[in-house]
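See structure below.
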Amino acid sequence: MMDNRPIGVFDSGIGGISVLREIVNLMPNEDYLYYGDSSHAPYGTKSLEEIQALSDTCVSFLLDKNVKAIVIACNTATSACAARLRKKYPDIPIIGIEPALKPAVLWKEHDRVAVMATPMTLNQDKFRQLMHTYEEQSDIFCIPCPGLADYVEKGILDGPELTDFLETLLRPSLDKGIDAIVLGCTHYPFVEKVIRRIAGNEIRIFNGSHGTALELRRRLEAADLLTGRTENGSVSIFNSSNDSAIINLCHTLLRHPE
C-alpha cells in the first residue's frame, strides 16, 4: 500500500518550520503543505476560544488540499486543540507537539529544568499534567515568554535587542543553577543560538520537533499511508498573510536554519 497525497503541517506563523524541517529530514520522499497563520500570530497570548477557531480554519485549509495527515506544529495549538480536532476528524491522523520535558528530565538524575513556552501552553491542563508527572524527578521552572515569538515572526533571530530580551527572561532561572532548557514553542529553535550564548555550553537544550517527526512516521506506517516514491518530494508553503517576505523567510529557514 502507498499514498502519495501530501502531509499537512500548520502553525500560528513561521515557527512550525522548525518541525517541518525535522519531518522533511526524516521522510524526504513525502510531499508537504505548510500553512502558517502569521496574520493572527502569536497564538500563545490569545484566549482558548480564539485559538480553537483559528486552528479550525488552518485545518480546513489543509483538508481542502486533500492532505493525508495533519501535524499541529504549534505547542499552543496542540495544548488547546489536539484532542478536540482528533475527535472532530477521526479518520485522519493528527499529530501534535509538546514540550520535550521527558528527555530533559531523564538525561541527568534530579536535574533542574527550565521550560520556555507561551503563557497559554504553560497554563493548559495538558502541560500541567505533564509537569506533574516529572516534578518528583526534577525541579521544574516555568518561563512564560510573551513576545518572543514576535521576534521570530519579524525575522529578528539575533542582535542586541533580542539578546537583552532573552537575558531578562532567562536570568532568574540561570541564577538558580538550571541544567537544561526546554524550548516549548516551535518558534524558539530559531533563536536557540542566542539562548545558547546566554546560557553557556554546560546547559542542555531540548525541543520536541524530532519526537513529533518520529511519531508522524509511526502513525503513517501503521495506517499504510507512506508514499511509494523514491525521489525527494516537494514542499509548498502558504501563509494567511499572503506576504511574500514571510513565505521567502520560511523557505530560507527550511533550507538554512542558521
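Matching residues to (1) in contact with a Lys or Arg (Cβ under 8 Å, 6 or more places away or on another chain); (2) of a type outside the set (A, V, I, L, M); (3) under 17 Å from PHE10 (Cα atoms):
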| residue | (1), (2), (3) |
| --- | --- |
| GLU221 | no, yes, no |
| ASP224 | no, yes, no |
| ARG229 | no, yes, no |
| ASN232 | no, yes, no |
| VAL235 | no, no, yes |
| ASN242 | no, yes, yes |
| LEU249 | no, no, yes |
| ARG255 | no, yes, no |
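Kindly establish whether ALA199 is buried (at least 20 other Cβ atoms within 10 Å of the Cβ) and not assigned by TED's automatic domain parsing to the domain that holds GLN124.
It is false that ALA199 is buried (at least 20 other Cβ atoms within 10 Å of the Cβ) and not assigned by TED's automatic domain parsing to the domain that holds GLN124.
Please state which one of THR186, THR230 is β-branched (Val, Ile, Thr) and buried (at least 21 other Cβ atoms within 10 Å of the Cβ).
THR186 is the lone residue from the list that is β-branched (Val, Ile, Thr) and buried (at least 21 other Cβ atoms within 10 Å of the Cβ).
Filter the range 172-201 down to residues that are free of Cβ contacts under 8 Å to residues at least 12 places away in the same chain and outside any helix (DSSP H, G or I) and give me whichever is farthest from the chain's Cα centre (by Cα).
ASP175
For the range 3-43, which positions are in a loop (DSSP other than H, G, I, E, B) and either closer than 25 Å to ALA222 by Cβ or without any contact (Cβ under 8 Å) to a residue 24 or more places away in the chain (or both)?
Across the range 3-43, the qualifying residues are ASP3, ASN4, ARG5, PRO6, GLY16, MET27, PRO28, ASN29, GLU30, ASP31.
Suppose we keep only residues that are among the small types (Gly, Ala, Ser) and out of contact with any Lys or Arg (no Cβ under 7 Å at 6 or more places or on another chain) within the range 117-173. Which one would you say is surrounded by the most Cβ atoms within 10 Å (Cβ to Cβ)?
Ranking the qualifying residues of the range 117-173, first place goes to ALA149.
The values are calculated or read from the model by the stated rules, or taken from the named source; none is laboratory data. Small disclaimer: the values here were computed from a predicted structure and weren't measured. Glycine also receives a Cβ, built like all others from the backbone with ideal geometry; neighbour counts cover every protein chain displayed.
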